[in-house]
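Working notes, structure below.
The values are calculated or read from the model by the stated rules, or taken from the named source; none is laboratory data. It should be emphasised that the depicted structure is a prediction, and the values quoted were computed from it without experimental measurement. With ideal geometry, Cβ positions are generated from the backbone for all residues, glycine too; neighbour counts draw on all protein chains shown. Calculation scope for accessible area: heavy atoms of the full protein, side chains included, ligands and nucleic acids excluded. Shrake-Rupley method; radii C 1.70, N 1.55, O 1.52, S 1.80 Å.
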Amino acid sequence: MTTTTETYGVDPTPTPLALLLLGREADPNSERGVECPGDLPPASDPDLVARARAAKAALGDRVFILGHHYQRDEVIEFADVTGDSFKLARDAANKPEAEYIVFCGVHFMAESADILTSSAQQVILPDLAAGCSMADMATAEQVAECWDVLTEAGVADVTVPVSYMNSSADIKAFTGKHGGTICTSSNAERALTWAYEQGQKVLFLPDQHLGRNTAVRDLGFSLDDCVLYNPHKPNGGLTVEQLRNAKMILWRGHCSVHGRFSLDSVNDVRARIPGVNVLVHPECKHEVVAAADLVGSTEYIIKALDAAEPGSKWAIGTELNLVRRLAKAHPDKEVVFLDRAVCFCSTMNRIDLPHLVWTLESLVEGRVPNVITVDPETEKYAKAALDRMLALP
């Protein structure tokens, strides 16, 4: 089998959604705020590769570079380890001899690394503009107001907050301060099971889809057991009765990439590729997850492709950089992007080779740029929430 883009089926074909590829339109079938920023950026100047190698060699063991799975290949090439956000933060904590942790990811990931590493280490984000739209959908002020709403409804004392790893340090600290825990897409079921042993309800932050999918698919709840709290509406847009009857209070947040996938995407790929296996991330909408063959975290998706039979066909519903990388790694399988339109994590892609080279060369010259620091009070409570996750059975 040849290793062309056409073989992979990862890049889009001309469709009525073509303007999405230019970032000039929004798909009316997507969630509000879910847009495709355009095609992937071009590769950087090849001369930067030699500069990156030289700077990394000069720093030696003083620097440890973390590369999230959604990063572009030119950055992953220089990563000492790759993984999801929590795995990378733990990898950093297990590398105490490294003075500098260069996190090629987004802001909340670097915060988590700072919380888990020693005070002698400095965590660096090559571009401070690399944020996360989902994490930004829940601010400390909004969540505090939500807790006041739950208190007035008489349910705060039986509600346990569970926050997705994809949240700010402030939200993790709120969770820790109120007796809750953090979860990843891999252990969300265990985290929720633990939470319901502590209380009667869960406030799940900030990704509604992971919370809903875990509650319904894994814990056997009904959709009616879940209510959606909208921080932009008075009382979250909910009545006291709804809050009292709900088992799962979902925050109105979502991933701008995984929110792109629709039931139409699933039906379309099944019609185009008979026998295809649809494998999606649990950050996708409930109807997408319900229609998929397999659902799992980023690590699960990677392992599923590694174990798949040669000649099998796969449509993957997760970030485009990873899907492309999986297609290249498995030329004996047909691997396609679930949606016809290109959609990648635009904030993650802000960490490009020029930013990485600038960061490494700055360190060689004795300057430490873009240090991410979590204040001691926030770190204390955020770490308490993370420690509860680490102690989950």
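Pairing each residue of region 55-72 that is farther than 11 Å from Leu360 by Cα and of a type in the set (Gly, Ala, Ser) with any residue that is in a strand (DSSP E or B) and open to solvent by less than 10 Å² (accessible area, probe 1.4 Å), provided the two are 6+ apart or on different chains, yields C-beta distances under 6 Å for Gly67/Cys104.
Matching residues to (1) in contact with a helix residue (DSSP H, G or I) (Cβ under 7 Å, 6 or more places away or on another chain); (2) open to solvent by less than 10 Å² (accessible area, probe 1.4 Å):
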| residue | (1), (2) |
| --- | --- |
| Glu189 | yes, no |
| Thr193 | no, no |
| Leu219 | yes, no |
| Cys226 | yes, no |
| His232 | no, no |
| Gly236 | yes, yes |
| Thr239 | no, no |
| Met248 | yes, yes |
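Which residue is most open to solvent (accessible area, probe 1.4 Å), if the candidates are limited to region 345-386 and must be of a type in the set (Asp, Glu) and touching a residue at least 40 places away in the same chain (Cβ under 8 Å)? Within region 345-386, the match that is most open to solvent (accessible area, probe 1.4 Å) is Glu377. Regarding region 171-179, can at least one residue be identified that is touching a strand residue (DSSP E or B) at 6+ places or on another chain (Cβ under 7 Å) and surrounded by fewer than 20 Cβ atoms within 10 Å (Cβ to Cβ)? Yes, because at least one residue in region 171-179 is touching a strand residue (DSSP E or B) at 6+ places or on another chain (Cβ under 7 Å) and surrounded by fewer than 20 Cβ atoms within 10 Å (Cβ to Cβ). Considering region 80-113, and only residues there that are of a type in the set (Ser, Thr, Tyr) and touching a strand residue (DSSP E or B) at 6+ places or on another chain (Cβ under 8 Å), the residue that is nearest to Ser186 (Cα to Cα) turns out to be Ser85. Exactly one residue among Val335, Val276, Val289 is within 19 Å of the chain's Cα centre (by Cα) and crowded, with 16+ Cβ neighbours inside 10 Å, and that residue is Val289. In region 82-122, the qualifying residues are those that are of a type in the set (Val, Ile, Thr) and within 25 Å of Gly317 (Cβ to Cβ), and the one that is surrounded by the most Cβ atoms within 10 Å (Cβ to Cβ) is Val106. Can you list residue pairs whose Cβ atoms sit under 8 Å apart, with the first residue in region 167-185 being on the phi > 0 side of the Ramachandran plot and the second being surrounded by fewer than 24 Cβ atoms within 10 Å (Cβ to Cβ) and among the polar types (S, T, N, Q)? Count only pairs 6 or more apart in sequence or on different chains. What qualifies is Gly179/Gln198. Among the numbered conditions (1) modelled with pLDDT of 95 or more; (2) open to solvent by 50 Å² or more (accessible area, probe 1.4 Å); (3) of a type in the set (Val, Ile, Thr), the only one that Val63 does not meet is (2). Summed over region 338-374, residues that are aromatic (Phe, Trp, Tyr) and over 22 Å from the mean Cα position of the chain (by Cα) total 1. Beta carbons closer than 7 Å, at least 6 apart along the sequence or on distinct chains, pair a first residue in region 133-160 that is over 20 Å from Ala188 (Cβ atoms) and free of Cβ contacts under 8 Å to residues at least 12 places away in the same chain with a second that is aromatic (Phe, Trp, Tyr) and in a helix (DSSP H, G or I) for Ala156/Trp147.
Restricting attention to region 268-295, the residues being more than 20 Å from Glu309 (Cβ to Cβ) and touching a strand residue (DSSP E or B) at 6+ places or on another chain (Cβ under 8 Å) number 6.
The residue that is surrounded by the most Cβ atoms within 10 Å (Cβ to Cβ), among those in region 292-318 that are of a type in the set (S, T, N, Q) and in a loop (DSSP other than H, G, I, E, B), is Thr318.
With open to solvent by less than 50 Å² (accessible area, probe 1.4 Å), more than 23 Å from Glu241 (Cβ to Cβ) and not charged (D, E, K, R) as the only criterion, which of Leu125, Leu150 stands out?
Going through Leu125, Leu150 in turn, just one is open to solvent by less than 50 Å² (accessible area, probe 1.4 Å), more than 23 Å from Glu241 (Cβ to Cβ) and not charged (D, E, K, R): Leu125.
Only one of the numbered conditions (1) open to solvent by 30 Å² or more (accessible area, probe 1.4 Å); (2) over 22 Å from Ala138 (Cβ atoms); (3) at pLDDT below 95 is not met by Asn321, and that is (1). Applying a threshold of 8 Å to beta carbon distances and a minimum spacing of six or more residues, or different chains, the list of pairs starting in region 93-115 at a residue that is touching a residue at least 12 places away in the same chain (Cβ under 8 Å) and ending at one that is charged (D, E, K, R) and assigned to a loop (DSSP other than H, G, I, E, B) reads Ile101/Lys95.
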